[in-house]
Amino acid sequence: MAREDRKRKQDTDDAADDGERRGRRDKRPKEDKPKPAPPLPSEIRNKEKRSEVYAKLKRDKKAQKRKLGRERAQAAQRAAELGEQVPEKQVPRTIENTREPDETVCRPDDQELFAGNDADEFNAVLKQVVTPKVLITTCRFNSGRGPAFIKELMQVIPNAQYVNRGTYDLKKVVEYANNREFTSVMVVHTNRREPDALLIINLPEGPTAHFKLSKLVLRKDIKNHGNPTSHKPELVLNNFTTRLGHRVGRMIQSLFPQDPNFRGRRVVTFHNQRDYIFFRHHRYVFEEKEKKVVTKDKKGKASETKTEKHVNCRLQECGPRFILKLITLQHGTFDTKSGEYEWVHKPDLDTSRRRFFL
C-alpha cells in the first residue's frame, strides 16, 4: 500500500510540473507568422472560384486607380488655390512613345522631303492637275464576300469603276487602264472566299503596294450603320511619320479627290498604329436637342424654367471596316520577275516590338 501511495504521489507531482511548464510556455510572447499570399487566379483550378477571384482583383485595381486619380486631382486643386505650381500630368508609358529611334522620321524643316514631293509620281494628282480615276478589279476566281466588299469600296472612293478581270493577266489589265487614262488600279485578292490582300498600282509609272487585308467587317454587319452619299469625302491620314510611311500615305491620298465636299459630312480615315493601317468610314450627324434650365431665386427656390436648344455632333459609321499591313512596295507597275523593290517586309525585321517602319 505504501509503495502504491508513493507512486500516486509521484505521478501527481509530475503532472503539476508539466502544467507549470506549460503555463510558462503559454506566457511567452507569440511570434506573428506571416500570412500566406492569396493564390493567383491562374493557380486556381475551379473555374467559378477562379472567375470570382479575378473579378475581385479587377474591382480592387479599379478602385485603387480611382482613388489615386482623386488624390491627384485634389492635390492639383489645392496647388492652384494656393498659387503654387501645379504638378505635371503623368504620361503613361506605351510602346508608341518608347519606340526605337529612327533616322527616317520626317522633320517639318526637311527641305529634301519637300523637294521630293514636287517630283514624285503622285504630284500631278495631289496638286489637282489630274483628276483621280480608279479601276477596281479582282483576282481570277472571286467569290464569297469579295463582290460585296468591292461594291462598298466603290461607294467609298469617288470616280471608281469596276472591271471584270476574267482570265486576263494583270499586266494586260494595267495596259488597259493606262490606255483609258486611269490613275490607279486596285486589285482585291480573295482566298477561300474571303478577301485577304489588296494591291494598289499607281499609273502610269508606279509604284505598286501590296497590303495584307484582315478583320474585314461589311456595312450590313455594323450596328446602327449609316448609308454614305455621293459627295466627295474628307481624308484623314494619321501617324505616317517615316519616309516610307510618308510615301505610302501620299499613295493612299492619290486615290481620292483633293477638293472634298463638306456638305456631304463624309470622312475617310487611315490611321497607322504600330504599322497596322486601320480604315474607317464615317459621316457627321448633327442633332438638335432641347434642354430645360431651371433658374433659382435668392432663397434657392425654382423661379423660372427655360428651354434651351443645343446642337450635338456625333459620328455614324458607314463601313466597311478593315486593317491593312504593308508587305511590299515595288518600283514601277506590277512585275514579279524583274521588278525592283523599294521595301519588303521580312520576319528578320521583327526584332523588337518597339521598332516601326511607317
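The values are calculated or read from the model by the stated rules, or taken from the named source; none is laboratory data. This is a predicted model, so every value here is computed, not measured. Cβ placement follows ideal geometry from the backbone for every residue including glycine, while neighbour counts extend to all protein chains displayed. Accessible surface is based on the protein model in full, side chains and every heavy atom, while ligands, DNA and RNA are left aside. Shrake-Rupley method; radii C 1.70, N 1.55, O 1.52, S 1.80 Å.
When the residues of the stretch 81-112 are narrowed to those that are among the hydrophobic types (A, V, I, L, M, F, W, C) and within 28 Å of the chain's Cα centre (by Cα), which ends up surrounded by the fewest Cβ atoms within 10 Å (Cβ to Cβ)?
Restricting to residues being among the hydrophobic types (A, V, I, L, M, F, W, C) and within 28 Å of the chain's Cα centre (by Cα), the top hit is VAL91.
Touching a residue at least 40 places away in the same chain (Cβ under 8 Å), open to solvent by 20 Å² or more (accessible area, probe 1.4 Å), at positive phi and not aliphatic (A, V, I, L, M) - does that describe any residue in the stretch 184-196?
For the stretch 184-196, residues touching a residue at least 40 places away in the same chain (Cβ under 8 Å), open to solvent by 20 Å² or more (accessible area, probe 1.4 Å), at positive phi and not aliphatic (A, V, I, L, M): present.
Evaluate the stretch 81-89: report whether one residue or more is modelled with pLDDT of 85 or more and of a type in the set (A, V, I, L, M, F, W, C).
No.
Tell me, which residue of the stretch 197-232 that is part of a strand (DSSP E or B) and of a type in the set (S, T, N, Q) is surrounded by the fewest Cβ atoms within 10 Å (Cβ to Cβ)?
For the stretch 197-232, the residue satisfying everything is SER214.
From the list ASN159, ASN164, exactly one residue is among the polar types (S, T, N, Q) and touching a Lys or Arg at 6+ places or on another chain (Cβ under 6 Å). Which is it?
Within the list ASN159, ASN164, the selection yields ASN159.
From the list ARG219, ARG192, exactly one residue is within 21 Å of the chain's Cα centre (by Cα) and of a type in the set (D, E, K, R). Which is it?
ARG219
Is it the case that some residue within the stretch 229-237 is in contact with a helix residue (DSSP H, G or I) (Cβ under 6 Å, 6 or more places away or on another chain), of a type in the set (Val, Ile, Thr) and within 24 Å of PHE149 (Cα to Cα)?
Looking for residues that are in contact with a helix residue (DSSP H, G or I) (Cβ under 6 Å, 6 or more places away or on another chain), of a type in the set (Val, Ile, Thr) and within 24 Å of PHE149 (Cα to Cα), one finds at least one in the stretch 229-237, hence yes.
So, in the stretch 178-191, how many residues would count as being within 19 Å of LYS151 (Cα to Cα) and part of a loop (DSSP other than H, G, I, E, B)?
1
Among what's in the stretch 120-131 and is under 22 Å from LEU358 (Cβ atoms) and either in contact with a strand residue (DSSP E or B) (Cβ under 6 Å, 6 or more places away or on another chain) or of a type outside the set (Phe, Trp, Tyr) (or both), pick the residue that is least open to solvent (accessible area, probe 1.4 Å).
VAL125
Name the single residue that is nearest to GLY206 (Cα to Cα) among those in the stretch 343-358 being among the aromatic types (Phe, Trp, Tyr) and in a loop (DSSP other than H, G, I, E, B).
Here the residue is PHE357.
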